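**Student:** Sharing a structure with you now.
The values are calculated or read from the model by the stated rules, or taken from the named source; none is laboratory data. Quantities reported herein were computed from a predicted structural model and do not represent experimental measurements. Glycine also receives a Cβ, built like all others from the backbone with ideal geometry; neighbour counts cover every protein chain displayed. The protein model used for the area step is the full one, side chains on, heavy atoms only, and it has no ligands, DNA or RNA in it. Shrake-Rupley method; radii C 1.70, N 1.55, O 1.52, S 1.80 Å.
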Amino acid sequence: LVKIFGVYKVGWKHHKSGKSTSQVFIVMENLLFTAHRLEHPVARVFDLKGSSRNRFVKQAKQGDVQLDDNFLSYIQQSPLYLSE
């Protein structure tokens, strides 16, 4: 779970066409900001969105952010065992 600091809508108007546009931004906590100081460094980082459409990094190197299908492939090779 992630801390959400705020949701902001920024709008602007194109000075030549007069067309108005807006964009919504979600500002969240960066959990990996101090990862380099951890006793056990982060081995893999996955950006999970819950989709498998275009969600695979073909030649991921150490330290690259991988996606949903990379995670599914990884847990097939190294299952995550959870207990209560």
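**Student:** Report the one residue of 38, 72, 52 whose Cα lies farthest in the direction of the positive end of the charge dipole of the chain (charges on C-beta: Lys and Arg +1, Asp and Glu -1; origin at the Cα centre).
**Tutor:** Positive-end residue among those listed: 52.
**Student:** State the Cα centre-to-centre distance between the stretch 67-82 and the stretch 20-60 in whole Å.
**Tutor:** After rounding, the separation between the Cα centres reads 16 Å.
**Student:** Separate question: In nm, to one decimal, how far is the modelled label at residue 52 from the one at residue 31, with both set 7 Å along Cα→Cβ?
**Tutor:** 2.3 nm
**Student:** Heavy-atom accessible area per residue, the chain, 1.4 Å probe: how many Å²?
**Tutor:** Per residue, the chain has an accessible area of 96 Å².
**Student:** A follow-up question, please. If the cut-off is 19 Å between C-alpha atoms, which lysines fall inside it for residue 9, apart from same-chain ones fewer than 8 positions away?
**Tutor:** 19
**Student:** Quick check: at a probe of 1.4 Å, how many percent of the accessible area of the chain sits on carbon and sulfur atoms? Present the calculation step by step, with values, prior to reporting the outcome.
**Tutor:** Numbers: 4380 of 8030 Å².
In the chain, the share of accessible area belonging to carbon and sulfur is 55 percent.
**Student:** Starting from the 7 Å offset along Cα-to-Cβ, what nm value, one decimal, do you get for the label separation of residue 21 and residue 3?
**Tutor:** With each label placed 7 Å out from Cα toward Cβ, I get 3.3 nm.
**Student:** Another question about this same structure. Counting Lys +1, Arg +1, Asp -1, Glu -1, what net charge surrounds residue 64 among other residues with beta carbon under 12 Å of its beta carbon?
**Tutor:** Net local charge, residue 64 excluded: +2.
**Student:** Rounding to the nearest 20 debye, state how big the charge dipole of the chain is about its Cα centre with +1 on each Lys and Arg Cβ and -1 on each Asp and Glu Cβ.
**Tutor:** 680 debye
**Student:** If I ignore ligands, DNA and RNA and count only protein heavy atoms, how much of residue 57 is accessible to a 1.4 Å probe, in Å² to the nearest 10?
**Tutor:** Residue 57 has an accessible surface of roughly 40 Å² with all protein chains in place.
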